[in-house]
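For reference, the structure discussed in these notes is given below.
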Amino acid sequence: MKYIYPKILLACLILAIYCNNKPGRNKSPFISDQTNQYTLLVQRGAFHFDSFEIKKNKISHIPGISSNFETSTYKENSRSVLDSLQILGFFKKIEANGFWNLKTRYGTEISCNSQLIVTLTMNGKSKTVICDDYQRDCPELIKYIEQKVIELEGNDLKRIYLPG
């Protein structure tokens, strides 16, 4: 088969390849768009009084005003960029494990407790789950969310229990 305009065909092919592989082009806009729909806020009480926020593909640690730790990582703000696919998988797992079906409050009658508050927002739909006592009355999904957020943040800011 003979082409009438081989140079024009070659120029179009080169232009198409260049546009497809252009630097800075987001290869997966669908995943990025989906992670933009979610926001997660995890707030820890007791002796931590800090919070973690995942928005788009960024995670932030915001230390509390009255943090009682001498370790500098607990007292400093931090912000990290995460893999969009990993974050999307995390949010989908939270939903699949029934976050939207949880009660809004898990109370306790004990005075020395360690509160945990998790707020998930997706496309304007929002739900806050409050656990008055992390150790005794908190659903496993909420504990998982806190542990995973700490893991994603990367500074090993684990929950520390102090005698009460």
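Every read-out reported here was derived from the displayed coordinates using simple, explicitly stated rules and does not represent laboratory data. Because the structure is predicted, anything quoted here is derived from the model rather than measured. In this analysis, Cβ positions are derived from the backbone assuming ideal geometry, glycine residues included, and neighbour counts consider all displayed protein chains.
Would you mention how many residues in the range 132-143 are free of Cβ contacts under 8 Å to residues at least 40 places away in the same chain and under 15 Å from Leu40 (Cβ atoms)?
1
Condition first: under 21 Å from Asp50 (Cβ atoms) and either of a type in the set (Asp, Glu) or free of Cβ contacts under 8 Å to residues at least 60 places away in the same chain (or both). Now tell me which residues in the range 109-125 satisfy that. First the steps, then the outcome.
As a first pass, look at the range 109-125 and keep what is under 21 Å from Asp50 (Cβ atoms): 112-121.
Within the range 109-125, just Cys112 meets the criteria.
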